[in-house]
Amino acid sequence: MRTTLDLPEDLLNEAMKATHIQTKTKVIITALEELIRKKKISGLKKYKGKVELDVDMDLLRGRECRP
């Protein structure tokens, strides 16, 4: 989808340098994906301590317990 945006050039350039992304389109897509990812994580944090999981992570990962 084509969209015209008026973005601060210095902000866009700084984002491109910080991420080593070469195109403006890709840096904007990456920023939007990251924003969505952070919002989803933030939504999950409200369940911290409210869900009881009886899971042995060492067993799931195939690790042997150290004595």
Quiz item: To the nearest 10 degrees, how steeply does helix 24-45 sit against the main Cα axis of the chain, on a 0 to 90 scale?
Solution: 30
Exercise. Return the Rg/Rh value of the chain, two decimal places, where both radii are evaluated on C-alpha atoms and Rh is the Kirkwood radius.
Key: 1.26
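Under 13 Å from the Cβ of residue 33, count the other residues' Cβ atoms, weight Lys and Arg +1, Asp and Glu -1, and hand me the total. Mind dumping the intermediate values first?
Values: positive: 26, 37, 38, 39, 40; negative: 34.
Result for the local shell: +4.
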Practice problem: Run down the lysines and flag those whose C-alpha is under 22 Å from the C-alpha of residue 17, throwing out any fewer than 8 positions away in its chain. | Solution: 26, 38
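At most 11 other C-beta atoms within 10 Å and a DSSP loop state: those are the exposed trypsin sites (Lys or Arg not before Pro) I care about. Give me the longest piece of the chain that has none. It would help to have the intermediate numbers written out before the result.
Numbers: sites that count: 2, 46, 48, 50, 61, 63.
Looking at the chain, 3-45 is the longest stretch - no exposed trypsin sites (Lys or Arg not before Pro) with at most 11 other Cβ atoms within 10 Å.
Report, in deg cm²/dmol and to the nearest 500, the calculated mean residue ellipticity at 222 nm for the chain, where each DSSP H run with n ≥ 4 adds -39500 (n - 2.57) and the sum is divided by the residue count.
-17500 deg cm²/dmol
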Quiz item: Between residue 25 and residue 40, how many nm apart are label points set 7 Å from Cα along the C-beta direction?
Solution: 2.3
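Quick note: the coordinates plus some simple rules give every number you see, no bench work behind them. This is a predicted model, so every value here is computed, not measured. Backbone-built Cβ (ideal geometry, glycine too); neighbour counts: all protein chains shown.
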